[in-house]
Amino acid sequence: MLRYSTVSHGIIFKNCMKYLSIDPNTLQIARDMQKNALCFYSKFQVGAAIQTEENQIVGGCNIESASYGLTICAERVAIFSALAQGYKKITHIALVTDTGSFPCGACRQILYEFCKNAHITIFSNIDIKK
Ligand SMILES: [Zn+2]
């Protein structure tokens, strides 16, 4: 079962980090990966980082194609990269956008198939106001 946590930038580092089971380095790598996004069309930068059972961290960012259909999301880049490197069990996933968006349907399918029991932390770069 996939478990989600949502956090915003201001909250996570000030108050909530101790309550999350994700390694802060995983979140930081996801934030760093967001800057590498190749999103010429949508201008919507997404960064992701997965943490493996071996505590390895593998990052990814969204990469858009002019064909749109060949565009790949940050989560899938990170997951496929980890799988290609031989890691089999993914324990945590950090996903960073400016808005705290959740994974799309295609990514949810891949998360379901390859990241069973993983904890997903959705991270917003913009503080969520009450
Ligand atoms: Zn997606």
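Read-outs throughout are calculated quantities, based only on the coordinates presented, and are distinct from any laboratory measurement. The structure displayed is predicted, hence computed values, not measured ones. A quick note on method: Cβ atoms are made from the backbone with ideal geometry, for glycine too, and the neighbour counts reach across all protein chains shown.
Residue 62's amide H: which non-local residues (gap 5+, or another chain) put their own amide H closer than 5 Å, with H modeled 1.01 Å from N in plane and none for Pro or chain starts?
Under 5 Å from the amide H of residue 62 lie the amide H atoms of 38, 46, 74, each far enough along the sequence or on another chain.
Across region 97-105, in residue order, what do the Karplus-derived ³J(HN,Hα) couplings come to in whole Hz, using 6.51 cos²θ - 1.76 cosθ + 1.60 with θ = phi - 60° and x for Gly and Pro?
Karplus-based 3J(HN,Hα) across region 97-105 equals 9, 6, 10, x, 5, 8, x, 6, x Hz.
Any idea what the relative contact order of region 13-112 is, in percent, if you count C-alpha pairs under 8 Å spaced at least 6 apart? List each step's numbers first, then the result.
Numbers: 170 pairs, mean separation 26.6, N = 100.
Across region 13-112, relative contact order equals 27 percent.
Taking the Cα centre of region 87-130 as the origin, how large is its charge dipole in debye, to the nearest 20, when only Lys and Arg (+1) and Asp and Glu (-1) carry charge on their Cβ atoms?
On the way: 6 positive and 3 negative charges, 37 e Å.
Dipole of region 87-130, to the nearest 20 debye: 180 debye.
Using θ = phi - 60° and the Karplus relation 6.51 cos²θ - 1.76 cosθ + 1.60, list the HN-Hα couplings for region 23-35 in order, rounded to whole Hz, with x at every Gly or Pro.
In residue order, the calculated couplings are 5, x, 5, 5, 4, 5, 5, 4, 5, 5, 5, 4, 5 Hz.
With an 8 Å cut-off on Cα pairs and a minimum separation of 6 or more residues, tell me the relative contact order of region 64-130 in percent.
Details: 58 pairs, mean separation 24.9, N = 67.
Computed over region 64-130, the figure is 37 percent.
Please list the non-local residues whose amide H lies under 5 Å from the amide H of residue 89, H modeled 1.01 Å from N, same-chain partners needing a gap of 5 or more.
Correct list: 53.
If amide H atoms are built 1.01 Å from N in the plane of the peptide, which residues on other chains or at least 5 residues away come under 5 Å of the amide H of residue 120?
3, 4, 5, 93
Suppose R0 equals 25 Å; then what is the FRET efficiency for residue 117 and residue 35 from their Cβ-Cβ distance, rounded to the nearest 0.05? Intermediate values should be presented prior to the final figure.
On the way: r = 30 Å, r/R0 = 1.18.
That pair, residue 117 with residue 35, gives E of 0.25.
How high is the relative contact order of region 38-80, given as a whole-number percent (alpha carbon pairs under 8 Å, six or more residues apart)?
38
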